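Worksheet: one structure, shown below.
All of the numbers you see were taken from the coordinates with simple rules; none came from a lab. Computed from a prediction, not measured in an experiment: that's the story for all the values here. In this analysis, Cβ positions are derived from the backbone assuming ideal geometry, glycine residues included, and neighbour counts consider all displayed protein chains.
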Amino acid sequence: MSDNRATAIYSELGIKPIINAIGSVTLLGGSTPPKPVLDAMDDANSTYVPLEELEEKAGRYIADMFGAKAVYITSGAGSALTLATAAFMAGDNDELIKKLPDTSGMKDEILIQARQRYHYERCLTLAGAKLVEFGTKEGTKRSDLESSITENTVAVHYVANETFSDPNVLSLEETIDIAKSRNVPVMVDAAGQVYPIENIGKYVNMGADFSAMAAKYIGAPHSTGFAIGTEEMIRKISLQSFIAYEMRRVRGVGRPQKIDRQEIVGAVASVKLWTTLNHEDRLAKAYKVSDTIASYLKNIQGIKVRVKDNSIGHDPFGVSIELEDGDQSLINVVNNLKNGNPSIWLRCNTDMDGNLDDSKLDVSPFGLHEGEERIVGEKLSEELNKLK
């Protein structure tokens, strides 16, 4: 779709398009599926198929492409977390499936490291689970997990982040080792761990029972994700889904988390593209965009600017900006850019506990269209120079 047509669509609704310098975030729409994905979705729109069969065969196809054991397409990584939680608690017992989120009579405690508490843990409690911390904010020892497992423990949750290795958390390897010795399953939130490609199936291949991935990061529709797991785990997840709600007439918690056939086919097309893409070219483009933005900012006094040295995960490179004077704030810079013409969206960073750090912000190349990096660089330079 041309820029003029896109602008007209939003203008009709009274909405002014913005420049997305934050990245692949839900609040701005998540992803821009490339033409092969859009074409596949358009083709899928022309006829109907049984969604139960489409999910099964699309999942098998994707698992083969990723080198994973089994896959189920969900309405985002958050949905995968919710469905997996329900599957851990209710299994394939229809009476328990119908009972959720009431968990009376079930194991319903999911263990999570205190140092890994995070915004998206709500996706676990949505199915009725209770979160139980182990370790402290300062760190976690093996004995912390060992002593926290009880008869009510249904799983251990782990948050994977390949771009930042925290030496103070219990590693996934140790988590799996301890949990498996006590016959407790392990679930992994690996939403953005999409590159290198082998990372996508890695966590389950390591011994975890399940991992969640956000398909938006590989060019799929924003509202799709992958539940990746053992064959037994994916079978149980499928019983919680919106399709099972209709096909089996068993009223599980997954009914509201519906996706359509076009999105499922779009997710398949994005996997085909991601696994055959020239990633060296993709990374080179991301670095060039980031370096161009940084070039506008290098001579501004009072700030530290660098192109981040990161080629893994969902958002490679990018520009890191940090104020040297701790008494100053970047809030006005963010707000002025947002309210400017064109409107450029950025946001200040947050620390590990989710607290705002208004002395730092990152600029992402992920959502920038051709030429927008220069606009971002110029406008950001103007605002940062006002801080002098």
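Quote the relative contact order of the range 179-290 in percent (integer), defining contacts as alpha-carbon pairs under 8 Å separated by 6+ residues.
Values: 126 pairs, mean separation 21.0, N = 112.
Averaging sequence separation for qualifying contacts and normalising by length gives 19 percent for the range 179-290.
Cβ-Cβ distance of L387 and E95, R₀ of 51 Å, FRET efficiency by 1/(1 + (r/R0)^6): the value works out to about 0.25. At q = 0.10, 0.13 Å⁻¹, work out log10 I(q)/I(0) for the chain with the Debye formula, treating every Cα as an identical point scatterer and leaving solvent out; two decimals please. The calculated log intensity ratios at q = 0.10, 0.13 Å⁻¹ are -0.72, -1.14.
Report for the range 35-274 the percent antiparallel among DSSP-assigned beta bridges with both residues inside it, nearest 5.
Values: 11 of 28 bridges.
Bridges in the range 35-274 are about 40 percent antiparallel.
The alpha-carbon positions of the range 41-178 define a convex hull whose volume is 153 Å³ per residue. Between the beta carbons of E52 and N349, assuming R0 = 41 Å, the FRET efficiency works out to 0.40 to the nearest 0.05.
Of the peptides 236-245, 45-54, 316-325, the ranking by mean beta-carbon count within 10 Å, highest at the top, reads 236-245, 316-325, 45-54. Ranked by the mean number of other Cβ atoms within 10 Å per residue, highest first, peptides 73-80, 32-39 order as 73-80, 32-39.
With the simple spin-label model, which puts each label point 7 Å out from Cα in the Cβ direction, the K130 to K298 separation comes to 5.8 nm.
Taking amide H as placed 1.01 Å from N in the peptide plane, Y158 has its amide H under 5 Å from the amide H of M187, V188, D189, each at least 5 places away in sequence or on another chain.
Peptide packing: for 213-220, 365-372, the average count of neighbouring Cβ atoms within 10 Å per residue gives the ranking 213-220, 365-372, highest mean first. In deg cm²/dmol, rounded to 500, what helix-only [θ] at 222 nm does the chain give when every DSSP H run of at least 4 residues adds -39500 (n - 2.57) and the total is split over its residues? For the chain, the value works out to -11500 deg cm²/dmol.
The simple spin-label model puts a point 7 Å past each Cα toward its Cβ; for R282 and E246 those points are separated by 3.1 nm. Modelled label positions at Y120 and I331, each set 7 Å beyond Cα in the direction of Cβ, lie 2.8 nm from each other. Membrane-span-like helices in the chain, defined purely by DSSP H runs whose alpha carbon atoms cover 18 Å or more axially and whose average Kyte-Doolittle hydropathy reaches -1.0, are 51-66, 77-90, 261-274, 279-295.
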